[in-house]
Amino acid sequence: MITYEFLQQYWWFLISLLGGLLVFLLFVQGGNALIFLAGKDEREKELIVNSTGRKWELTFTTLVTFGGAFFASFPLFYSTSFGGAYWVWILILITFVFQAVSYEFQTKAGNLIGRTWFRVFLALNGFLAPLLIGTAVGTFFSGSKFVVAKEAVGNVAAPTISKWVTEWHGLEAVASMFNVGFGLAVMCLAIVLGALYLINHIADDRLAADLRKWLKISFGLFLIPFLYVVYRLFTMEGFAVDTEGVVYMQGGKYLQNLLQMPMVLSLFVLGVLLVVGGVAGSLLKPTFRRGIWLAAPGAVFVVMALFMIAGYNNTAYYPSTADIQSSLTLANSCSSEFTLRTMAVVSLIIPFVVAYIAYAWRQMDKQSLTREELDTSDKY
């Protein structure tokens, strides 16, 4: 029999999957961050922009779906984070708006600021969007400053259920080295994935050589914040939940979660190995171009494992440092059983949607992008 608790766990699994897919699809941002670093001339910049331009809608759509899934399955998180830490989410949205405008208007007639400025906006989105998203996700472990009026939950007459207790409304996350390290790790990983994707999608030997150089640099930079985050994560206190729903601090909680859930541990280790394998193969063998198809599932697996560590095994996935009992758990922030059960039935169409996306992707990428193709097709 499908229980209410199972439905909560099931929807957290889907949230974890969407989070993993979002981080993978940030390769678009990572590729754009390389426009001026790897693109040495106008033609190479065009190749990079037109390669990422064919996929940018997927990233934004997944971000919206990620937020929508949270709204439907864990509405108290949605109202608390999106309504309280709104400056962070507004900044993320602004970077994506700049991205969309830059793709669509850089080659339009009457462009008053020039193509270069639009590419600058794309590059800024490439650095800032992953950094901000990663910093926001870091608060799933370090906590945020909010309080929840639990007596107002379910009371339609109540003006607010949760509120932020600082005037920074999410910007205070940058005061935590852990959060910033998390953001830097996601940003560098996005650039790694972007370089791998461009190596796979663009058939240009000179550009590929520069991309491999930046792949090596970005992966080296990625290791610094990633190892720092892993060390802090497995040594810091975590927000545990007892059988009565009381939240308390527990030393080494996140490391215990990983060790007590062998499947999650296996997912994390496999993900790390796949990312390293994709990068190593691309650097050690110049003719190897499929590193993205090792690193992509690896990135998804690692992010899924981190979300599961944050929410499973009696853990508060969105902790409050202002009032520890206001921390959000799967049990106290989820939708009604009827809602979760209905959406679980709807979610059964997800594999068919994923299959269609995979088919469309394959059709778009049947042939590598070349300099000659830019002269014979519509381009950004």
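For this structure, a couple of remarks:
- Efficiency of FRET between MET364 and TYR231 - r from beta-carbon atoms, R0 41 angstrom, step 0.05: 0.55
- Calculated [θ] (222 nm, deg cm²/dmol) that DSSP helices of n ≥ 4 give over the chain, each run adding -39,500 (n - 2.57): -21500 deg cm²/dmol
- Exceeding the 19 Å Cα-Cα cut-off - candidates LYS45/LYS379; LYS40/LYS108; LYS45/LYS285; LYS285/LYS379: LYS40/LYS108; LYS45/LYS285; LYS285/LYS379
- With the simple spin-label model, which puts each label point 7 Å out from Cα in the Cβ direction, the ILE224 to ALA100 separation comes to 3.5 nm.
- Between the amide H of ILE202 and those of LEU369, distances stay under 5 Å, these residues lying 5 or more places away or on another chain, with hydrogens modeled in the peptide plane.
- According to the Cα-based calculation, Rg over Rh for the chain is 0.98, with Rh computed by the Kirkwood formula.
- For the residues VAL269, VAL229, VAL353, a GNM of the chain with alpha-carbon springs under 10 Å puts the largest fluctuation on VAL353.
- Phi angles across segment 215-231 convert, under the Karplus curve 6.51 cos²θ - 1.76 cosθ + 1.60 with θ = phi - 60°, into 3J(HN,Hα) values of 4, 4, 5, 5, 5, x, 5, 4, 4, 5, x, 5, 5, 5, 5, 4, 4 Hz, Gly and Pro given as x.
- Extending 7 Å from Cα along the Cβ direction at GLU42 and again at MET263 yields two label points whose distance is 5.5 nm.
- Amide H contacts of GLY143 (H built 1.01 Å from N, in plane; Pro and chain starts excluded): no residue 5 or more places away or on another chain comes under 5 Å.
- Long-range amide H partners of SER162 with built H, under 5 Å: ALA149
- Max mean-square fluctuation residue, GNM over the chain, Cα-Cα springs under 10 Å, options GLU44, GLU57, GLU167: GLU167
- Residue order, fewest to most beta carbons within 10 Å, for LEU91, LEU207: LEU91, LEU207
- For segment 176-181, 3J(HN,Hα) per residue [Karplus equation, 6.51 cos²θ - 1.76 cosθ + 1.60, θ = phi - 60°, Hz, x = Gly/Pro]: 9, 4, 4, 4, 5, x
- For segment 354-364, the Karplus equation 6.51 cos²θ - 1.76 cosθ + 1.60, evaluated at θ = phi - 60°, returns couplings of 4, 4, 5, 4, 4, 5, 5, 4, 4, 5, 5 Hz by residue, with Gly and Pro reported as x.
- Springs join every pair of Cα atoms under 10 Å in this Gaussian network model of the chain, and among MET249, MET177, MET308 the largest mean-square fluctuation is at MET249.
- By average C-beta atoms within 10 angstrom, highest first, the peptides 133-140, 339-346, 218-225: 133-140, 218-225, 339-346
Computed from the coordinates by the stated procedures, all read-outs in this text should not be read as laboratory data. What you see is a predicted model, and the numbers here were worked out from it, not measured in a lab. Glycine also receives a Cβ, built like all others from the backbone with ideal geometry; neighbour counts cover every protein chain displayed.
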